[in-house]
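These notes are about the structure you will find just below.
The values are calculated or read from the model by the stated rules, or taken from the named source; none is laboratory data. This structure is a prediction, so every number in the text was calculated from the model and none was measured. Note that each Cβ is placed from the backbone with ideal geometry, even for glycine, and that neighbours are counted across all protein chains shown.
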Amino acid sequence: MADAFDLLLIGGTVLNPATNTKHKLDVGIAGGRVTAIQANLPEGNAKKILDLEGCFVTPGLIDFHVHSYWGVNPYGFDADPICLATGVTTTMDAGSSGPINFLGFRKLVYEQARTRMLAFIAIAQHGVFNDPGELQNLRFADPDGAAQAVADNRDVGIGIKVRMHRKSVGDNGRAALRLAVKAGEASRAPVMVHVGDTAISMEEIVDTLRAGDVVTHCYTPQQPSIIDESGKLRAAVRKAHERGVIFDVGHANGHFDFDLVQRAMGDGLLPDIISTDLHGRMGPANPVIDMPTTLTKFLHLGLSLEQIVAACTSSPARAIGWQDRLGSIEVGREADIAALQVVNTAHRLRDCVGGERTAEQRIAARWTIRRGQVFPGKC
Ligand SMILES: [Zn+2]
């Protein structure tokens, strides 16, 4: 008799927010796909068995904001080994390529990486740059080209990216935002907007966005932030969130402030999506570290494990309209899975403004399974 499973996951608790599942279940995998989810699957015909006692078996994590165009874009880093050691099976590159060099991203990154590496495509011709910023001169904006690149590459290019901080756009913020939304409309795709140190107000930014567009670095302490001068969540931000604008963490080196996150969450703005914004310019004092550390910060701040897992699986999948194929463990889908453990140990966490907290628990990624292939966790 043929082997029933190439890989059988036993002993773990399946935590799958997309289907409201939190049960002790086995997961059978064959041909890179999930073929069975139920208690006590037969072990006899499994080629390999992984005992996940004490772990939560979740969909492979989606890191919605990274810079993975390594060796081409100045922010790029070699994301694949880090992803596969930390439970991450899908990443969204946040604008490292633009209409001129997106096909390079497709060939050099998407086609080579073991992690599924999708991309928001910048309206700036060559993608996001550092110095001088990519849209200091609007001659380099090509919203039609970006929309076309998305339309021609729906399997990889899943949205439009624009950065709004002064270093990127100088005084062109208002125009750049409008061009990005135009590209989003033309391609029928979400726009991801980088906030923090913008020349136009937070009110104008969120009022311009459509339902389904994404504010990344949503908890940045850089001005204008989502918190007003009196320390309250801005009314326009609340309104935008209620009508479906998506708020994404995008932690990075500069966009996470424990006090600010707490105030915003206290006023009702929980993160829709939790992401790292890992890139190649992380110094030795890098406070973001990786996806499990970023998730641990929200566990410490009081989100439930279910909320946290949803914010890096089903929610980001829905944000790009891929909920039918990403972000859930279901029979027939690609076997992209993370085995996470909540470890009861004191753990020091740092934000980007010198804040520190000691968490009583941390989230560790024990295993990453991508298309049925098993990679051990580094923590
Ligand atoms: Zn970024």
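Here are a few things to note about the model shown:
- Test for I160: is it crowded, with 23+ Cβ neighbours inside 10 Å, more than 26 Å from L61 (Cα to Cα) and among the β-branched types (V, I, T): no
- Yes/no for L179 being within 21 Å of H251 (Cα to Cα) and either within 16 Å of the ligand (Cβ to nearest atom) or modelled with pLDDT of 95 or more (or both): no
- Top-ranked residue in the range 76-110 [being touching a Lys or Arg at 6+ places or on another chain (Cβ under 6 Å) and within 16 Å of the ligand (Cβ to nearest atom); ranked as nearest to D144 (Cα to Cα)]: G95
- Neighbours by Cβ (under 7 Å, 6+ apart or cross-chain): first from the range 220-238, modelled with pLDDT of 95 or more; second loosely packed, with under 15 Cβ neighbours inside 10 Å and in a helix (DSSP H, G or I): A236/D207
Matching residues to (1) within 29 Å of G76 (Cβ to Cβ); (2) within 16 Å of the ligand (Cβ to nearest atom); (3) surrounded by fewer than 23 Cβ atoms within 10 Å (Cβ to Cβ):
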| site | (1), (2), (3) |
| --- | --- |
| A235 | no, no, yes |
| R243 | no, no, yes |
| I246 | yes, yes, no |
| F258 | yes, no, yes |
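- One residue alone among A211, A180 is in contact (Cβ under 8 Å) with a residue 24 or more places away in the chain, among the aliphatic types (A, V, I, L, M) and within 15 Å of G98 (Cα to Cα), and that residue is A180.
- Complete set of residues in the range 261-289 that are crowded, with 22+ Cβ neighbours inside 10 Å and on the phi < 0 side of the Ramachandran plot: V261, A264, P271, D272, I273, I274, S275, T276, L278, H279, P287, V288
- With respect to the conditions (1) at pLDDT below 95; (2) more than 25 Å from R116 (Cβ to Cβ), N286 falls short on a single one, namely (2).
- Subset of the range 335-374 that is in contact with a helix residue (DSSP H, G or I) (Cβ under 7 Å, 6 or more places away or on another chain) and of a type outside the set (A, V, I, L, M, F, W, C) - its residue that is surrounded by the most Cβ atoms within 10 Å (Cβ to Cβ): T368
- Top-ranked residue in the range 163-178 [being among the aliphatic types (A, V, I, L, M) and more than 16 Å from R139 (Cβ to Cβ); ranked as surrounded by the fewest Cβ atoms within 10 Å (Cβ to Cβ)]: L177
- Of all residues in the range 290-318 being over 26 Å from T35 (Cβ atoms) and within 16 Å of the ligand (Cβ to nearest atom), the one that is surrounded by the fewest Cβ atoms within 10 Å (Cβ to Cβ): D290
- Meets criteria (within 16 Å of the ligand (Cβ to nearest atom) and touching a Gly at 6+ places or on another chain (Cβ under 7 Å)) for G280: yes
- Residue check for D131: within 16 Å of the ligand (Cβ to nearest atom), within 26 Å of I273 (Cα to Cα), acidic (D, E) and not in a helix (DSSP H, G or I): no
- Matching option when the condition is charged (D, E, K, R), within 30 Å of N130 (Cα to Cα) and touching a residue at least 60 places away in the same chain (Cβ under 8 Å), among D351, D336: D351
- For the range 50-75, filtered to residues that are in contact with a Ser or Thr (Cβ under 7 Å, 6 or more places away or on another chain) and more than 16 Å from the ligand (Cβ to nearest atom), the residue that is nearest to S97 (Cα to Cα) is L61.
- Of residues in the range 187-207 being farther than 16 Å from R238 by Cβ and not aliphatic (A, V, I, L, M), the one surrounded by the fewest Cβ atoms within 10 Å (Cβ to Cβ): R188
- A count restricted to the range 265-277 and to residues that are among the β-branched types (V, I, T) and more than 11 Å from the ligand (Cβ to nearest atom) stands at 2.
- Residue count for the range 86-130 satisfying the condition of being under 27 Å from A338 (Cα atoms) and either among the polar types (S, T, N, Q) or more than 19 Å from the chain's Cα centre (by Cα) (or both): 10.
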